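Here's the structure, in structure tokens; my notes come after.
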Amino acid sequence: MLNIVIFGAPGSGKGTQSARIVEKYGVSHISTGDVLRAEIKKGSELGKVAKGYIDQGQLLPDALIIDILASVLDSLKDSRGVIFDGFPRTIPQAEALKKMLSERGQDVSVMLDLDVPEDELIDRLIKRGQESGRADDNLETIKKRLTVYSEQTSPLKDFYKAEGKYQHINGVGSMDAIFDEIASVISKL
Ligand code: AMP
């Protein structure tokens, strides 16, 4: 069972590369950001709560997002594996994921850290905001999200290094070249 954590700052290409991993390896994809945006679109209570955090560039509380992740994971019981995109984003989330997988007799196979310099992240996110109209892709919110990433999320690199699961990926270059590096890591698992 392949359980891949795709990791990186906002704008590092997690969504794009996840789609290619799904296509090649037939795993399921869980993007917590996509789940929350779908709830906002539906106008659900959860969507209303989520919107407040997303618009501020802040993370949802761990307990809430862990519950959401658990229920999506439960719905994927028969899958060949899962790519976790945008989760975990904090140490408590990483610990919760470890526990959830171990209850299923599984573990994270690898954590792929898509490494992109900050000035390029900002350029990419501003461009994405212009093209897709994603409300949180504006300069003020982008800067907050990058601060949240460096303070709350990047410590996960050490968490996964300690677990022996960390894998650095150069996130700059053509989409094909980045995917080739990812595929060569996955093929060795
Ligand atoms: P993303 O599409 O992954 O960039 O997520 C967009 C926004 O959704 C984030 O800025 C957070 O507000 C929220 N979000 C997504 N995943 C998580 C998570 N694992 N923990 C907390 N908040 C999250």
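The values are calculated or read from the model by the stated rules, or taken from the named source; none is laboratory data. Predicted model only: the values in this text are computed from it and were never measured. We place every Cβ from the backbone using ideal geometry, glycine too, and count neighbours over all the protein chains shown. The area values use the complete protein model at the heavy-atom level, side chains included, leaving out ligands, DNA and RNA. Shrake-Rupley method; radii C 1.70, N 1.55, O 1.52, S 1.80 Å.
So which of GLY164, GLY86, GLY105 is at positive phi and crowded, with 17+ Cβ neighbours inside 10 Å?
After applying the criteria, what remains is GLY86.
Restricting to the stretch 53-72, name every residue that is without any contact (Cβ under 8 Å) to a residue 24 or more places away in the chain, near the ligand (Cβ under 9 Å from one of its atoms) and assigned to a helix (DSSP H, G or I).
Scanning the stretch 53-72 gives TYR53, LEU64.
Filter the stretch 74-83 for residues that are in contact (Cβ under 8 Å) with a residue 24 or more places away in the chain and open to solvent by 10 Å² or more (accessible area, probe 1.4 Å); which is farthest from the ligand (Cβ to nearest atom)?
ARG80
Given the condition of a type in the set (Lys, Arg), over 25 Å from ARG37 (Cβ atoms) and part of a helix (DSSP H, G or I), answer yes or no: does some residue in the stretch 164-178 qualify?
no
THR90 - would you say it is within 14 Å of the ligand (Cβ to nearest atom), of a type in the set (Val, Ile, Thr), touching a strand residue (DSSP E or B) at 6+ places or on another chain (Cβ under 9 Å) and at pLDDT 95 or above?
No: the conditions fail for THR90.
Tally up the residues in the stretch 74-90 that are over 10 Å from HIS29 (Cα atoms) and in contact with a helix residue (DSSP H, G or I) (Cβ under 6 Å, 6 or more places away or on another chain), please.
So the answer is 5.
What number of residues in the stretch 20-52 are closer than 22 Å to ALA94 by Cβ, within 11 Å of the ligand (Cβ to nearest atom) and in a helix (DSSP H, G or I)?
Of the residues in that region, 6 qualify.
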